[in-house]
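All remarks here apply to the structure that follows.
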Amino acid sequence: MATFQSAVKILRKGLRVTWTLLWMFLLTLFLAVALTILVKDYFGGFDQFKQWQQDHFAYLLIWRLFVYSALAWGWLSIRQRFAKDPASDRSMKRLRRCELLVIFVVCLFEIKHAGLI
């Protein structure tokens, strides 16, 4: 009986993960199509959109910095829950490496976007 209950729990968890990934994929697909339509209708094409981005680089940089700050604040609150687990010393080291990698990639993205690379 215990194996049947554990199998049901695993199946439910798998279905929950599948559903979560499916709606995230569909939301991303919808946003990509909506953005493409918006760029074509509002800017007349992607060349004009790129020019608009270059003209408004500073404003968009400030916006991205606010978004990065909000993500960092949210992540730090989540990370505190991970730190409470006493058996997670090795996991915390792995997590720290991942965090540093994310910071490095975001910095590279911003440097490249600024045209310094």
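The values are calculated or read from the model by the stated rules, or taken from the named source; none is laboratory data. Keep in mind that this is a model prediction, so the values were computed, not measured. Neighbour counts are summed over all protein chains in view; Cβ atoms, including those assigned to glycine, are modelled from backbone coordinates with ideal geometry.
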Scanning for something more than 23 Å from the chain's Cα centre (by Cα) and either in a helix (DSSP H, G or I) or surrounded by 10 or more Cβ atoms within 10 Å (Cβ to Cβ) (or both), does region 90-111 turn up at least one residue?
-> yes
Just for helices (runs of 4 or more DSSP H) wholly inside region 1-86: which have at least 3 residues that are over 23 Å from Lys112 (Cα atoms) and outside the structural domain of Ile103 (by TED's automatic domain parsing)?
-> 2-38
Is it the case that Leu61 is aliphatic (A, V, I, L, M) and in contact (Cβ under 8 Å) with a residue 40 or more places away in the chain?
-> yes
